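Taking it in order: structure first as structure tokens, then the write-up.
The values are calculated or read from the model by the stated rules, or taken from the named source; none is laboratory data. What you see is a predicted model, and the numbers here were worked out from it, not measured in a lab. Positions of Cβ are backbone-derived with ideal geometry, glycine not excepted, and every protein chain shown enters the neighbour counts. For the accessible areas, the whole protein counts, side chains as well, though only heavy atoms, and no ligand, DNA or RNA atoms are used. Shrake-Rupley method; radii C 1.70, N 1.55, O 1.52, S 1.80 Å.
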Amino acid sequence: LIHARGPLDPEPLRRALQDLVDRHEALRTTFDAHGRYQSIWDRMAIDVPLRDVSGLPPREAQAALEEVVAQAAEQPFDLENGPLFRARLVKLAAAHHALILTAHHLVVDGWSFGVLLEEMGRLYTARLTGAAASLPPPLATRAYTRLAQEQLTPARIAANRDYWLQQFARLPDPL
């Protein structure tokens, strides 16, 4: 949940979010029903519904926002068809919006969410000003996977295994 105070133009924000999806393969990835295969789509549209509660009294607007956040959190992801990254925008007042971003952990983790937020800000600014966003080339999912696999040396695997065996060597008494 991101609160934006000040003027916000929903259309450039929608376009910036689509730019983000177009830029990162992970945001266009789906998985087969058995989890054995992943598909990276050339194009996947992101819908950014806008709910305007700016005409409601503050308590009702806050309740409406909490409802949208709860719906976003409870809505299951369709792993086979996607998208696994979603956005919703709530207009709370003329100069106060809330952006709700949800992503499946298969495609976005905590660290990468920070990267996405940074890039989204740059892409939104570029859309507002008409300038090109200055972003480094994205790392392809295949390249990231290759890098991660290269780090899985037998010594590292053994060290990780030993660490966790030590952590769980002495279990607490059963309840």
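Numbers at a glance
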read-out: Whole-number accessible area per residue in Å² for the range 44-128, which is evaluated in the context of all protein chains at 1.4 Å; value: 54 Å²
read-out: Positive minus negative residues near ALA103 (Lys, Arg vs Asp, Glu; Cβ under 13 Å); value: +2
read-out: Percent accessible area from carbon and sulfur atoms, the range 1-160, protein chains only, probe 1.4 Å; value: 55 percent
read-out: Helix-only CD estimate at 222 nm, as mean residue ellipticity for the chain, using -39500 (n - 2.57) per DSSP H run (n ≥ 4); value: -14000 deg cm²/dmol
read-out: Cα centroid of the range 88-144 to Cα centroid of the range 6-45, whole Å; value: 10 Å
read-out: Degrees between helix 10-23 axis and first principal axis of the chain (Cα, 0 to 90, nearest 10); value: 20 degrees
read-out: Radius of gyration, Dmax [the chain; alpha carbons; angstrom]; value: 20.2, 63
read-out: Karplus-derived 3J(HN,Hα), 6.51/-1.76/1.60, for each residue of the range 127-142, Hz, glycine and proline x; value: 5, 5, 8, x, 8, 6, 6, 8, 10, x, x, x, 7, 4, 4, 4
read-out: Ratio of the Cα radius of gyration of the range 60-133 to 2.2 N^0.38 Å, where N counts its residues; value: 1.28
read-out: Principal axis dimensions, largest first and in whole angstrom, of the range 75-175 by Cα; value: 57, 40, 27
read-out: Total charge dipole magnitude, the range 34-175, about the Cα centre, Cβ charges on Lys, Arg, Asp, Glu only, Debye to nearest 20; value: 380 debye
read-out: Linear extension gain, LEU147 paired with GLN166, 0.36 nm per residue minus alpha-carbon span; value: 4.1 nm
read-out: Cα pair count fraction exceeding 16 Å, expressed as % - the range 5-67; value: 64 percent
read-out: Relative contact order (%) - the chain, alpha-carbon pairs under 8 angstrom, separation at least six; value: 27 percent
